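Working notes for the structure below.
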Amino acid sequence: MRHEWSNRLTFILAAVGSAVGLGNIWKFPYITGEYGGGVFIFAYLICICLIGLPIMLAEIALGRRGKQSPVNTMLQLSLEAGSHPSWSLLGWSGMAAGCLILSYYSVIAGEVMAYSFRAGSGMFNQQTVDGVKGILTTLVSDPEKLLAWHTLFMGVTVIAVAKGVRGGIEKTISFVMPALFVLLVVLVFYAMNSGGFEQAIDFMFTPDADKFFYARDQLGQYLMDAEGEKIFTWKPMMVAMGHAFFTLSLGMGAIMMYGSYLNRYVSIGQMALIIVSLDTVVALLAGLAIFPLVFANGLDPAAGPGLIFESLPIAFGNMAGGRLIGTLFFVLLFFAAWTSAISLMEPTVAWLTESKKMHRVKATVWTGTVIWFIGLASIFSFSGTTLGDILRILFSWFGLEYLELNHWFFKQSLFIIIDFLTASIMLPVGGLLIAIFAGWVMERDSTEREFSFNNRYVYPVWSVMVRYVTPFLVFIVFLNISGIFKF
Ligand code: PFF
């Protein structure tokens with residue numbers, strides 16, 4: 001017998017556990033910093049409402065109807081709708097995206113674990129900006145240490161997934177989420193008095209369209225074309241949209257998977273709204289806690305993935321009780337990352353057990369090992385290795401030493417490439433297909449039934465969104481990026 005969530009609260013907890021994670025507290029602040037603040041947040045919020053929310057509903061509805069892993073759910077629902085079984089490819093690309101995302105997610109979560117020990121040992125006490133930067137550099141330039149933490153994180157994730165979805169997640173999330181929330185609020189209060197709060201509010205909520213729409217180099221200077229004009233770019237829009245998918249765990253079947261354990265008697269409209277609101281509040285609180293510290297200490301908001309590891313320790317090192325608060329914060333962030341990691345792995349493990357009849361433990365260990373291995377790419381990325389460096393080494397094994405790899409693409413790290421490929425391309429494409437499938441391929445009867453508690457208003461609005469508005473918006477961003485169409 002296939003189990004179901006014990007009640008509707010459990011589903012919300014699990015879905016919030018999946019949604020709230022490093023995406024909110026680590027990624028949201030640093031990409032907001034990189035893409036100029038206000039307009040980025042504005043674009044992200046629009047994407048959450050017009051793209052994220054309708055797709056969240058679609059994924060829950062599809063999952064609950066299909067009752068299997070995303071691959072088999074899509075297979076069954078496409079047959080039911082009299083359509084082509086190749087819709088199950090959506091499930092496959094979701095599994096690939098989940099494994100790729102988890103490969104670097106685990107490395108960052110490993111850093112979070114390392115930081116909880118550093119906070120506990122008093123290493124941040126009275127640290128200056130340079131001191132804190134030094135602590136981060138020491139960690140990321142030591143691949144062996146990162147590898148050890150990555151291995152540990154993958155280990156605890158494998159254990160949780162092997163035990164099955166129910167065991168653990170419910171209990172963990174019911175204490176982690178409220179506690180994380182309280183600590184974030186404490187940090188926001190601390191940040192209010194740090195001297196950088198006004199500047200942070202200004203940065204986060206005053207739209208500066210130039211910084212968003214015009215390309216800049218790594219030092220933040222605008223790039224110019226041959227005529228001396230700034231260069232217009234849609235990349236930040238693509239990142240903002242991609243992040244809406246990433247932060248809500250959409251486009252790869254994680255929410256579809258969790259929806260499949262949901263019983264018939266709950267209103268999916270209400271649940272989606274709760275999940276999306278909580279996720280957004282946590283991200284905004286993280287921004288409000290971090291940016292004041294960044295400005296008060298003269299840090300660079302566009303510092304990249306190290307942003308929270310550079311800013312928060314300064315606060316913990318200088319506030320009363322900071323040692324305890326810092327430790328607690330990183331421990332809670334680890335748990336939040338863990339509950340997200342579980343959902344990244346679940347679709348693959350569920351498919352292996354369903355279709356390959358593999359034992360759950362074996363399926364989890366295999367999946368975990370493959371992901372662990374891909375994670376090595378990100379470990380080397382953080383110590384500065386680029387794709388070009390890796391290819392050069394590989395080529396040299398075959399005696400091809402003189403190959404020129406000067407294209408900008410080869411100067412990126414594998415972490416950047418994997419992150420862009422998954423969050424900005426695979427998840428939005430997956431989400432677009434889910435919207436088209438739910439809106440156009442499935443029969444009205446089937447989708448309407450999933451909305452049985454909300455069929456008065458929610459269903460008609462959702463139906464218009466998922467058929468027209470959401471696919472149109474995602475499509476426009478892709479057309480612009482591909483250069484086929486320019487606004
Ligand atoms: N939503 C998670 C976060 O914000 O950290 C990351 C994530 C989990 C993305 C599950 C995708 C997913 F399927």
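Starting from the 7 Å offset along Cα-to-Cβ, what nm value, one decimal, do you get for the label separation of LEU9 and ARG360?
Going by the 7 Å Cα→Cβ label model, 2.3 nm.
Which whole number of Å³ per residue matches the convex hull of the alpha-carbon atoms in the range 1-112?
Convex hull volume per residue, Cα atoms: 152 Å³.
Going by amide H atoms built from the backbone, whose H comes under 5 Å of the H on ARG216, apart from near neighbours?
Counting only residues 5 or more places away or on other chains, the set is LEU223.
Would you please report the Å³ per residue occupied by the convex hull of the alpha carbon atoms in the range 306-346?
Normalising the Cα hull of the range 306-346 by residue number yields 51 Å³.
Once the convex hull of the alpha carbons of the range 84-128 is built, what does its volume come to per residue, in cubic angstrom?
67 Å³
Taking 0.36 nm per residue of sequence separation and subtracting the Cα-Cα distance, how much length would be gained by fully extending the chain between LEU89 and LEU223, in nm to one decimal?
44.3 nm
Would you work out if the range 379-435 is rounded, prolate or oblate? Take a ≥ b ≥ c from the square roots of the eigenvalues of the alpha-carbon gyration tensor; rounded if a/c is under 1.5, else prolate when a/b is larger than b/c, oblate otherwise.
In terms of gyration-tensor shape, prolate.
Can you figure out the FRET efficiency of LYS163 with GLN270, using R₀ = 30 Å and their beta-carbon distance, to the nearest 0.05?
Approximately 0.55, to the nearest 0.05.
If the chain between SER482 and TRP440 were fully stretched, how many nm would it gain, using 0.36 nm times the residue separation less the Cα-Cα distance?
12.6 nm
Taking the range 388-487, how much of its Cα-Cα pair set, in percent, is spaced more than 21 angstrom apart?
Pairs farther apart than 21 Å: 57 percent.
Given the Cα atoms of the range 308-451, and with Rh set as the inverse mean 1/r over their pairs in the Kirkwood sense, what is Rg to Rh to two decimals?
Taking Rh as the inverse mean 1/r over Cα pairs, Rg/Rh reads 1.10.
VAL186 to THR369: extension gain in nm, 0.36 nm per residue of separation minus the Cα-Cα distance?
62.1 nm
With only Lys, Arg, Asp and Glu charged, each at its Cβ (+1 for the first two, -1 for the last two), find how big the charge dipole of the chain is about the Cα centre; round to the nearest 20 debye.
It works out to roughly 1600 debye.
Working from the pairwise distances between different alpha carbons, so that the mean of 1/r is found and then inverted, what is the range 120-210's Kirkwood radius in Å?
With all distinct Cα pairs of the range 120-210 included, I get 17.5 Å.
Return the ratio Rg/(2.2 N^0.38 Å) for the range 75-178, where Rg is computed over Cα atoms only.
1.55
If r is the Cβ-Cβ distance from ALA148 to SER277 and R0 is 51 Å, what FRET efficiency results, to the nearest 0.05?
Calculated transfer efficiency: 0.85.
Within the chain, which DSSP H helices have Cα atoms that stretch 24 Å or more along the helix axis and a mean Kyte-Doolittle hydropathy of at least 1.6?
166-192, 268-296
Starting from the 7 Å offset along Cα-to-Cβ, what nm value, one decimal, do you get for the label separation of SER383 and THR137?
1.6 nm
Across 5 Å bins from 0, what is the distribution of all Cα-Cα pair distances for the range 259-377, in whole percents?
Once binned at 5 Å, the Cα pair distances of the range 259-377 give 2, 8, 12, 14, 15, 13, 14, 11, 7, 4, 1, 0.
Pull up the cross-link candidates among the aspartates and glutamates for LYS235, meaning alpha carbon to alpha carbon under 19 Å and not fewer than 8 places away within one chain.
By straight Cα distance, LYS235 reaches GLU34, ASP208, ASP210, ASP217, ASP225, ASP419.
Can you give the percent of C-alpha pairs in the chain whose distance is more than 41 Å?
17 percent
Please give every one of the lysines within straight-line cross-link reach of LYS171, meaning a C-alpha to C-alpha distance under 20 Å, and leave out same-chain neighbours fewer than 8 residues apart.
LYS163
Would you please classify the overall shape of the range 251-307 from the alpha carbon gyration tensor, given that a ≥ b ≥ c denote the square roots of the eigenvalues, rounded means a/c under 1.5, and beyond that prolate means a/b larger than b/c while oblate covers the rest?
Cα axes put the range 251-307 in the prolate bin.
Taking only Cα atoms of the range 270-335, what ratio of Rg to Rh do you get with Rh as the Kirkwood inverse-distance radius?
Here the Rg-to-Rh quotient is 1.04.
Separation of the range 273-340 and the range 120-148 by C-alpha centroid, Å?
Result: 16 Å between the Cα centres.
All of the numbers you see were taken from the coordinates with simple rules; none came from a lab. If you're wondering where the values come from, they're calculated on a predicted model, not measured in any experiment. For neighbour counting, all protein chains shown are included, and Cβ atoms are generated from backbone atoms with ideal geometry for every residue, glycine included.
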